[in-house]
Amino acid sequence: MPVSGLPTHDIPEGVDIDGWSLRVDGAVSAPIEIDRGDLREYPMTHYAGDFECEAGWTAENLSWRGIPANELVESAGPSADASHAVVRSLHEGYACVFPLERLRGSVIALELDGEPLPVEHGGPARLVPVGQDADCWESVKWVTDINVTEEDPVTEDSAKDIALSRIDASE
Ligand SMILES: Nc1nc2c(c(=O)[nH]1)N[C@H]1C(S)=C(S)[C@@H](COP(=O)(O)O)O[C@H]1N2
Ligand SMILES: [Mo]
């Protein structure tokens, strides 16, 4: 039995969660880097929702638990002009750009359906955007870096292209 209704995909080459840590850096006054042990110092929240992939499948009523992204962003002290963030991953080359306000409202999920988030679904930490209008590629698995910026780093965003080219290839 899979841990959830999420289908399992191959873990990209090079994803090695030993020594995983999560940084918040860029346009912040106090960059932070937290490891697995530090995670429990942050408050946790719960979010339940369906997860819909552009490829045509939906996993219904997933129950996520994790740290509100706002807690991490705030603790690093974003600059007054901070407007966006690039979220990066152990998955080399995968990067997703968010307006900072949207990122603040999302969850850095550590648990799925009451279990520690399995590595195949992005453990130890997966970004879960909150709300109906999120795109599947915004749910960055194996998050390692939230890089705060003062302008829209459009050219940094690779997640959508990676996800859509994978969908095209499977059709
Ligand atoms: N790092 C990373 N995160 C990612 C992706 C990816 O290729 N790399 N794919 C995205 C897409 S398109 C989907 S549909 C979901 C799939 O989640 P799952 O593998 O847990 O089913 O992960 C998202 N997050
Ligand atoms: Mo997707």
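How big is D for segment 1-153, in µm² s⁻¹ as a whole number, if Stokes-Einstein is applied with the Kirkwood radius of its Cα pairs at 20 °C and 1.002 mPa s?
138
Charges only on Cβ, +1 for Lys and Arg, -1 for Asp and Glu: so what's the dipole of segment 1-60 about the Cα centre, in debye to the nearest 20? Write down the numbers at each step before the final one.
Details: 3 positive and 13 negative charges, 48 e Å.
The calculated dipole for segment 1-60 is roughly 240 debye.
At 222 nm, what helix-only mean residue ellipticity would the chain give, in deg cm²/dmol to the nearest 500, using -39500 (n - 2.57) for each DSSP H run of four or more? Intermediate values should be presented prior to the final figure.
On the way: 3 runs with 24 residues, N = 171.
Value at 222 nm, helices only: -4000 deg cm²/dmol.
List, in order, the whole-Hz ³J(HN,Hα) value for each residue of segment 51-57 obtained from phi through the Karplus relation with A = 6.51, B = -1.76, C = 1.60 and θ = phi - 60°; use x for Gly and Pro.
10, 10, 9, 4, 6, x, 10
What does the extension gain come out to for SER79 and THR8, with contour length at 0.36 nm per residue minus their alpha carbon separation? Intermediate values should be presented prior to the final figure.
Details: separation 71, 0.36 × 71 = 25.56 nm, distance 3.83 nm.
Net length gain for the segment: 21.7 nm.
Over the chain, calculate the relative contact order: mean separation of alpha carbon pairs under 8 Å at least 6 apart, over the residue count, as a percent.
Numbers: 367 pairs, mean separation 46.4, N = 171.
Rounded, it is 27 percent for the chain.
What is the ratio of the Cα radius of gyration of segment 69-127 to 2.2 N^0.38 Å, where N is its residue count, to two decimals? Let's see the in-between values first.
Numbers: Rg = 12.7 Å, N = 59, 2.2 N^0.38 = 10.4 Å.
Output field value: 1.23.
With springs connecting C-alpha atoms under 10 Å apart, model the chain as a Gaussian network and identify which of PRO153, PRO43, PRO124 has the largest mean-square fluctuation.
The residue that fluctuates most here is PRO43.
Specify the residue with the greatest mean-square fluctuation among LEU62, LEU90, LEU110, computed from a Gaussian network of the chain linking alpha-carbon atoms under 10 Å apart.
Among LEU62, LEU90, LEU110, the largest GNM mean-square fluctuation belongs to LEU62.
For a quick protection proxy, order the peptides 27-38, 76-87 by their average other-Cβ count within 10 Å, most packed first.
Numbers: 27-38: 13.6, 76-87: 17.9.
Descending packing order for the listed peptides: 76-87, 27-38.
In the chain, which cysteines lack any other cysteine Cβ under 4.7 Å from their own?
Singleton cysteines: CYS96.
Taking +1 at the Cβ of each Lys and Arg and -1 at the Cβ of each Asp and Glu, which of ALA59, VAL97, THR144 sits farthest along the dipole of segment 40-171 towards its positive end, judged by Cα position relative to the Cα centre?
Positive-end residue among those listed: THR144.
Values quoted throughout were computed directly from the atomic coordinates according to the rules given, and no laboratory measurement underlies them. All values derive from a computational prediction rather than experimental measurement. Please note: Cβ atoms are built from the backbone with ideal geometry, for glycine as well, and neighbour counts cover all protein chains shown.
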